[in-house]
Protein chains: 2
Amino acid sequence: MTEHQYEFDRAIAIDEGGRGRLHDGWDINGNANGGYLLAVAGNGLRAVAGRPDPISVTAHYLAPGKPGDVVVDARSVKQGKRFATVTGALTSGDRTLLQLVGTFGDLSASAGAGAEYMAGGPPVLPPIEQCIPRRSDGPFPVPFMDRLDVHLRSSDVGFISGVKSGVAETAGYLSFADGRPVDTLALLLVADAFPPAVFNLELDAGWVPTVELTVHVRAIPAAGPLRCVFRTRFVSGSMFEEDGEVWDSDGTLVALSRQLALLPR
Amino acid sequence: MTEHQYEFDRAIAIDEGGRGRLHDGWDINGNANGGYLLAVAGNGLRAVAGRPDPISVTAHYLAPGKPGDVVVDARSVKQGKRFATVTGALTSGDRTLLQLVGTFGDLSASAGAGAEYMAGGPPVLPPIEQCIPRRSDGPFPVPFMDRLDVHLRSSDVGFISGVKSGVAETAGYLSFADGRPVDTLALLLVADAFPPAVFNLELDAGWVPTVELTVHVRAIPAAGPLRCVFRTRFVSGSMFEEDGEVWDSDGTLVALSRQLALLPR
């Protein structure tokens, strides 16, 4: 493997045999963050696809990830003119952590192409200095948060102080702590990097495992902090969706995400 | 294969070897409807999962479906206590039409379980008699529409008369034409059964192929017409998402869908 300047690149490195390693420090209370797992798996899938950008990637989460060796077992299903589609799994020993399908392409080719229709824009956020830095300590340890610079809108952090907003929405800014630019692969991490929006509801929602996470990458992010918002509209049958929007510093929509997650029954 | 009372069941039948047949009449201008393809594939995946209800199913669309023999090649990845996860493909000869991953479970076990939070409700629709029946003729032939009873809100059908609303939203009622109850498997069909919401925009959007479609099934539908709404918020880089909500006649949210689709470049 090549030397990498940034810790994210070291932590998602996959060799030509699909071998990699879940690094320590990307976890929440001992379990690897779901976005980190998606980025590791996505890095392996992308190599097999042979295209630079994830366009749509879906992972089903089957077992928690712990630091140690992993393999991305990926197979190309279609190599088309515009896109390549890959199926695969992220495994640790004989355990499948994630089962995936993904389509990859080259977003530099479609930048600014075609008609635009935007029924909405970036989340309205106060200046970053007026937001609350998300820390790795708190109700339970989130070492993962030391990898990122996440600044949350102050109305969305009541779950830390105990005064919850009652609205399932979390918004704020995101960058890598070590200054690594956020590229399209890193958007897979970003899609699961914020505290769950349901933390702002009066629910018993400490542990909300992801069943499935899909990320659509729509554009290559410009440099600078991303503006992100995650919303849950419907909690029912002990399940909920969480929809994310990720906008770059130029106000371009760069990713949409949706996950299905579980509440304790 | 067993005799089936309803045409949908005949059209999605899969034998123990995973063999089935794409039936004529479920197409749009000669290509099988994407929701129909998802239902056929989902029926094969569900058999391998051994659970009654799709929970989250994702398909990547790689080639159009034509009437004829198909195979659902599915493999169980995890059989858990609550869910089973399956990976697979829908193939026709040596062509992969859909590549899929899906998680299945038993929704009768979680009905009404846990906390509820609903930031929204069913789409507001006029009585069904005041809606416009979607017909199989029009700008181009949609034989698929003879299989269903779709009644659209009159403000959403301007794309037929040429006076477009300018809002990427389509809402209406849906039932099977032959009275088959809509079960959780049929919700996979429903997720792609409406005219694209972008038809209501001033775009050159006659042929908008699906790249990827994910359906979350949240509850078992009660009898009676479903209320559906499909919305596109962001068209950019010649791609757009379409988000669907499906509600049953009791006002229960039964499915959420999201697809990534392409505009002509």
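The values are calculated or read from the model by the stated rules, or taken from the named source; none is laboratory data. In this text, all values refer to a predicted model and were calculated from it rather than measured experimentally. Here the Cβ positions follow ideal geometry from the backbone for every residue, glycine too, while neighbour counts run over all protein chains shown. Calculation scope for accessible area: heavy atoms of the full protein, side chains included, ligands and nucleic acids excluded. Shrake-Rupley method; radii C 1.70, N 1.55, O 1.52, S 1.80 Å.
Worth a mention:
- Single residue of segment B:185-231 satisfying the filter (touching a Lys or Arg at 6+ places or on another chain (Cβ under 7 Å) and outside any loop (DSSP other than H, G, I, E, B)) that is farthest from B:Val150 (Cα to Cα): B:Thr214
- Being buried (at least 18 other Cβ atoms within 10 Å of the Cβ), touching a Phe, Trp or Tyr at 6+ places or on another chain (Cβ under 6 Å) and under 23 Å from B:Cys228 (Cα atoms) holds for only one residue in B:Phe144, B:Phe104, and it is B:Phe144.
- The set of residues in segment A:104-125 being in a helix (DSSP H, G or I) and either farther than 24 Å from A:Gly35 by Cα or not polar (S, T, N, Q) (or both) consists of A:Leu107, A:Ala109.
- Per-region count, segment B:7-60, residues in contact (Cβ under 8 Å) with a residue 60 or more places away in the chain, open to solvent by 40 Å² or more (accessible area, probe 1.4 Å) and under 22 Å from B:Ala255 (Cα atoms): 2
- Hits in segment A:63-74 (condition: open to solvent by 20 Å² or more (accessible area, probe 1.4 Å) and either within 14 Å of chain B (Cβ to nearest Cβ) or aliphatic (A, V, I, L, M) (or both)): A:Pro64, A:Val71, A:Asp73, A:Ala74
- Pairing residues of segment A:109-132 that are within 12 Å of chain B (Cβ to nearest Cβ) with residues that are open to solvent by 60 Å² or more (accessible area, probe 1.4 Å), at Cβ distances under 6 Å and at least 6 apart in sequence or on separate chains, gives A:Ala113/B:Arg265; A:Gly114/B:Arg265; A:Ala119/B:Arg233; A:Gly120/B:Arg233; A:Pro122/A:Arg227.
- Of the numbered criteria (1) within 9 Å of another protein chain (Cβ to nearest Cβ); (2) farther than 25 Å from A:Val40 by Cβ, the one A:Thr85 fails is (2).
- Among residues of segment B:247-265 being within 11 Å of another protein chain (Cβ to nearest Cβ) and assigned to a loop (DSSP other than H, G, I, E, B), the one that is surrounded by the fewest Cβ atoms within 10 Å (Cβ to Cβ) is B:Arg265.
- Residue list for segment B:126-137, restricted to those being open to solvent by less than 50 Å² (accessible area, probe 1.4 Å) and either small (Gly, Ala, Ser) or more than 17 Å from B:Gly34 (Cβ to Cβ) (or both): B:Pro126, B:Cys131, B:Ser136
- So B:Leu201, is it within 12 Å of chain A (Cβ to nearest Cβ) and open to solvent by less than 30 Å² (accessible area, probe 1.4 Å): yes
- Counted residues, segment B:183-203 - those being among the acidic types (Asp, Glu) and touching a Gly at 6+ places or on another chain (Cβ under 9 Å): 2
Matching residues to (1) more than 10 Å from chain B (Cβ to nearest Cβ); (2) part of a strand (DSSP E or B); (3) aliphatic (A, V, I, L, M); (4) within 26 Å of A:Phe194 (Cα to Cα):
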position: A:Ser76; (1), (2), (3), (4): yes, yes, no, no
position: A:Leu90; (1), (2), (3), (4): yes, yes, yes, yes
position: A:Gly102; (1), (2), (3), (4): no, yes, no, yes
position: A:Ser136; (1), (2), (3), (4): yes, no, no, yes
position: A:Ser155; (1), (2), (3), (4): yes, no, no, yes
position: A:Phe159; (1), (2), (3), (4): yes, no, no, yes
position: A:Lys164; (1), (2), (3), (4): yes, no, no, yes
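- Annotation: B:Thr96 fulfils all but one of (1) in contact (Cβ under 8 Å) with a residue 24 or more places away in the chain; (2) over 20 Å from the mean Cα position of the chain (by Cα); the unmet one is (2).
- Any hit, segment B:166-182, residues being open to solvent by 40 Å² or more (accessible area, probe 1.4 Å) and of a type in the set (Val, Ile, Thr): yes
- Check on A:Leu97, part of a loop (DSSP other than H, G, I, E, B), of a type outside the set (Lys, Arg) and open to solvent by less than 40 Å² (accessible area, probe 1.4 Å): no
- Near pairs, Cβ below 7 angstrom, 6+ apart or cross-chain, from segment B:68-79 (at positive phi) to any residue that is not β-branched (Val, Ile, Thr): B:Gly68/B:Arg21; B:Gly68/B:Leu22; B:Gly68/B:Ser92
- Here B:Gly237 meets each of (1) at pLDDT below 95; (2) in contact with an Asp or Glu (Cβ under 7 Å, 6 or more places away or on another chain) with one exception, condition (2).
- Conditions (1) open to solvent by 10 Å² or more (accessible area, probe 1.4 Å); (2) at pLDDT 95 or above: number failed by B:Gly244: (1)
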